[in-house]
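Novice: Take a look at this one; I'll ask things after.
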Amino acid sequence: MEIKSYGQAHLWEQIIVRLHGRDQKQILSLRFGIVTQEVDETIYWLELLTESNIINLLKVENLMNEAKELLAIFISTGKTAKINK
């Protein structure tokens, strides 16, 4: 896999560091944690950009709604993965 951006490199670094010495169920739980953090941070930046009037809310409203839906799915799935350890 070719890493094309700093964001991708940072994400892979987080995954590698956190996965060292873990079993498969722990790895799955950690992956959902990382994905949840990344989606939450994306929502934060989109909100910041719209509140600062840098981007018009109408242009990113659908994207923000989808990100919030994905966040809820990842949080729920992550909780289920932790329960089923």
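Novice: Please identify the pairs in which a residue from the range 8-36 that is modelled with pLDDT of 70 or more has its Cβ atom under 8 Å from the Cβ atom of a residue that is aromatic (Phe, Trp, Tyr), counting only partners at least 6 apart or on another chain.
Specialist: Close Cβ pairs (under 8 Å, with a partner that is aromatic (Phe, Trp, Tyr)) amount to PHE32/PHE74; VAL35/PHE74; THR36/PHE74.
Novice: In the range 41-85, what residues are surrounded by fewer than 15 Cβ atoms within 10 Å (Cβ to Cβ) and within 9 Å of the chain's Cα centre (by Cα)?
Specialist: Result: GLU41, single match.
The values are calculated or read from the model by the stated rules, or taken from the named source; none is laboratory data. The model shown is predicted, which means the values in this text are computed figures rather than measured ones. When we count neighbours, we look across all protein chains shown, and the Cβ atoms used for this are built from the backbone with ideal geometry, even at glycine.
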